[in-house]
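Quick notes on the structure that follows.
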Amino acid sequence: MVIKVGNIVSHTGALEWGAGKVMEITASSAMIQFSDGKNRKIAVSHFTTLQPAAPDSFLPPPEGPVVMKAARVARAPKAAKKKTVSS
C-alpha cells in the first residue's frame, strides 16, 4: 500500500485505535491521527500493518478546551552543608 498524506487507514494490529488519517510522512515514518484521539508515528518498516479504511470511518477527535498544566512551584534551594575543619 502506498501511504500518502490524507489517506484514511487502519492498523491491523490495533483495531481499537480506530481509523486514522495520515498527517505527515517522512523518509522513516508516517504521523497518523487516530480516532481515539492520539497521534502515532508508524515506522516505514511497519507500513505493512496499515490497510486502507473507508473515508467516513475516520472520526476526528472532538476539539475540546485546551487544558493548561498547573505551573510548577519552584523548590527552595537545599541548605549547604557546613564544612568542618579537622585539626
Report summary line: For segment 1-22, pairs from a residue that is without any contact (Cβ under 8 Å) to a residue 60 or more places away in the chain and more than 12 Å from A54 (Cβ to Cβ) to a residue that is part of a loop (DSSP other than H, G, I, E, B) and of a type in the set (K, R), with Cβ under 7 Å and 6 or more apart or across chains, are V22/K4
Query raised in the report: Among P52, P60, which is over 21 Å from M1 (Cβ atoms) and either modelled with pLDDT of 95 or more or surrounded by fewer than 13 Cβ atoms within 10 Å (Cβ to Cβ) (or both)?
Result: P60
Query raised in the report: Does K4 satisfy the condition of being part of a loop (DSSP other than H, G, I, E, B), at pLDDT 90 or above and in contact with a strand residue (DSSP E or B) (Cβ under 8 Å, 6 or more places away or on another chain)?
Result: yes
Query raised in the report: Quick one: in segment 32-49, which of the residues that are over 16 Å from G18 (Cβ atoms) and not in a helix (DSSP H, G or I) is least open to solvent (accessible area, probe 1.4 Å)?
Result: A43
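The values are calculated or read from the model by the stated rules, or taken from the named source; none is laboratory data. Note that the structure is a prediction, hence the values are computed from the model and not measured. Every residue, glycine as well, gets a Cβ built from its backbone with ideal geometry; the counts of neighbours run over all protein chains shown. Each accessible area value is taken on the protein alone, full model and side chains, heavy atoms only, with ligands, DNA and RNA left out. Shrake-Rupley method; radii C 1.70, N 1.55, O 1.52, S 1.80 Å.
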